[in-house]
Amino acid sequence: MLLWTYETGDTVERYKDSIIISFKDDRKVLSTAHLNGGYRENLKFVFNHDINSGMGLTCDITPAVYEEHMKLIATKLDLDPEASAGLLTAAAMNNVAIRTASYEDLTVTAVVTGGIEMNGGRIGDPAFFHERQGETVTIPAGTINILLYINADLPEETLTRALVTCTEAKTAALQELMAGSCYSRGIATGSGTDGTVIICNSKSGSRLFYAGKHSKLGELIGITVKQALKEALFLQTGLCPEYQFSLLNRLKRFGINEETLWQEYQKGIGVLCQESTSRAGVPNQAESRKPGSLDKQKFLNRLKKIECEEELVIPATLYVHLMDQLDWQLLSPAQAASEGKIIIERLRRNYDLPDDFLHDFLNDFLISYSSVYDAITAMSHCFAVLTVRIIAAAKFG
C-alpha cells in the first residue's frame with residue numbers, strides 16, 4: 001500500500017507488516033540498523049518491521065544471528081538484503097504516522113512508529129543486562145522507530161548532527177506528554193530499543209551544513225519528529241494529553257496504582273468512616289464504616305469515577321512536579337514537603353475530610369526526611385493515603 005511519495009520519486013509503502021522506503025537514486029543514509037547500519041551510500045531500501053508478524057524473529061536474540069535474521073526478513077520482503085537497512089519494532093505498521101514540514105526549497109518528512117508503555121525508560125535508569133559475547137539477550141517489546149527523510153544533501157558530519165537533533169525532538173515529545181519510565185520514577189527519554197534512520201538526497205543541488213536548533217533544518221526536524229511521534233504513540237497506545245489527564249497515569253511512575261491503593265485501603269490507614277463530600281448536589285451526611293467495608297470492585301469503581309476529576313488531577317500534577325523538582329535536586333526535601341503540605345490541605349478542604357487528617361504524619365514529614373529518596377517515598381505515600389481517604393469518603397448518586 002503506497003503511503004507517501006517524495007518529490008524525488010522515492011516512496012513509502014506498507015507491505016507485509018513493514019514500512020519500506022524505496023530509493024530511485026543514490027541516497028546518503030545514517031542509521032542505527034543492525035543490518036547495513038552506520039553510514040551508507042549504496043542502499044536502495046530502508047525498512048521498519050513489526051516483529052509480531054511471525055516472519056522469523058522474536059525479542060530473544062543473539063548478536064551472532066541478529067544480522068542473519070534481518071537478512072531473512074529483507075528477503076521475505078522481496079528486498080535485496082545487501083542493499084537494505086532495517087529496524088525492528090513491536091508496534092503495528094498500520095499505526096504509522098507521517099508528518100512533513102517545508103521552508104523554501106527544504107522539506108523534512110518523519111515516518112514514525114512508536115510504543116512507550118512497556119519499555120519506556122529514562123537515560124541512566126538501572127540496566128538489566130551486560131552484554132557478553134554470544135549470550136542471548138531478551139529485549140523488551142516497545143520501540144520508537146524514526147525514518148527521517150531530508151530532501152537536501154548533507155555531509156556526513158551534518159547527518160550525524162541531524163541524528164542528535166532528531167533524538168532531542170523525540171525526547172522533547174515524551175517530556176511534553178509526561179510519559180513515565182517503566183524502570184524508575186523519572187520521565188521517559190525514549191525506549192530501550194529505539195532506532196533511527198536519517199536519509200538525505202545526495203543528488204540535491206542544495207547542500208546544508210547545519211542541523212542544530214538554530215538552523216531551519218534543525219527546526220523542521222524538531223517539528224516533524226515531535227508531531228509524528230505524538231501521533232504514532234496515540235495511534236499505538238492512546239497516549240495523548242487527554243489520556244494523561246488522569247490521577248493514576250500521572251502517579252504511576254511513583255508506584256501509585258490501583259493495586260497499591262487497594263492495599264493501602266485494606267490496611268485501614270485513615271479510613272475509619274465514610275463521609276460525604278462537599279460536591280454540589282450531594283447531601284451532607286456521615287455513615288460510620290470499618291476499614292475494608294468496600295469490596296475491591298466497589299473500591300475500584302469509586303476510584304474510576306474520581307480518577308479524572310479536575311479538582312483532584314490538577315493538584316496532583318502540581319504535587320508530582322514538586323517530587324520531580326525534588327528528584328532533580330532543584331528543591332530541598334523541606335521545601336518540597338512544605339509546598340506539598342499546602343496541596344494536601346487544599347484537597348482535604350475540597351473533599352471535606354477531617355481537620356486532623358494526616359496532621360501528625362505531615363508535620364513529622366516536614367522535619368524528618370533529609371534524603372531525596374526518603375522524602376519522595378514519604379510524599380508518595382502521603383498522597384496515596386489521601387487518595388484512599390477520598391475514595392472511602394466519596395458518595396455517588
GNM on the chain, Cα springs under 10 Å; top mean-square fluctuation among Val137, Val12, Val385 goes to Val137
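Fewest Cβ neighbours within 10 Å first, please rank Met178, Met70 accordingly.
Fewest to most other Cβ atoms nearby, the residues stand as Met178, Met70.
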Phi-derived 3J(HN,Hα) across region 116-123 with the Karplus relation (6.51, -1.76, 1.60, θ = phi - 60°), rounded Hz, x for Gly and Pro, is 10, 6, 9, 9, x, x, 9, 4
Using 0.36 nm per residue of separation minus the Cα-Cα distance, give me the extension gain between Glu259 and Asp78 in nm, one decimal.
60.4 nm
Under a Cβ-Cβ cut-off of 12 Å, what is the net charge of the residues other than Phe245 that fall near it, where Lys and Arg count +1 and Asp and Glu count -1?
-3
Among the listed pairs Lys252/Lys304; Lys71/Lys213; Lys28/Lys213; Lys267/Lys298; Lys252/Lys341; Lys76/Lys170, which are separated by more than 26 Å between their Cα atoms?
Lys71/Lys213; Lys76/Lys170
Connecting every pair of Cα atoms under 10 Å apart in the chain and solving the GNM, the largest mean-square fluctuation among Gln266, Gln236, Gln227 falls on Gln266
Give the cross-link partners of Lys296 among the aspartates and glutamates, using a straight C-alpha distance below 15 Å as the criterion and excluding same-chain residues fewer than 8 apart.
Glu258, Glu259, Glu264
Hz values of 3J(HN,Hα) by residue in region 295-311 - Karplus curve (6.51, -1.76, 1.60), Gly and Pro given as x:
6, 4, 5, 5, 4, 5, 5, 5, 4, 4, 6, 9, 4, 10, 5, 4, 5
Helical contribution to [θ] at 222 nm, DSSP H n ≥ 4, -39,500 (n - 2.57), averaged over the chain, rounded to 500
-12500 deg cm²/dmol
Show me, for region 216-225, the HN-Hα J-couplings you get by feeding each phi into the Karplus relation (A = 6.51, B = -1.76, C = 1.60, θ = phi - 60°), rounded to Hz, glycine and proline as x.
4, 4, x, 4, 5, 4, x, 5, 5, 5
For Lys216, which aspartates and glutamates qualify as cross-link partners when the Cα separation must be under 14 Å and same-chain residues fewer than eight apart are set aside?
Glu104, Asp105
Relative contact order as a percentage, the chain, C-alpha pairs under 8 Å and 6+ apart, gives 14
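Relative to the Cα centre, what is the charge dipole magnitude of the chain, using +1 at the beta carbon of each Lys and Arg, -1 at the beta carbon of each Asp and Glu, and rounding to the nearest 20 debye?
The calculation lands at about 660 debye.
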Of Leu88, Leu239, Leu353, the one that fluctuates the most in a GNM where the chain has Cα springs shorter than 10 Å
Leu353
Could you list the residues of region 176-206 with an amide nitrogen less than 15 Å from a label point located 7 Å from the Cα of Tyr39 in the Cα-to-C-beta direction?
198-202
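Laboratory data are not the source of any read-out in this text; all were calculated from the coordinates shown. Everything quoted here is computed from the prediction, not taken from an experiment. Heads up, the Cβs are rebuilt from the backbone with ideal geometry, glycines too, and the neighbour counts pull from every protein chain shown.
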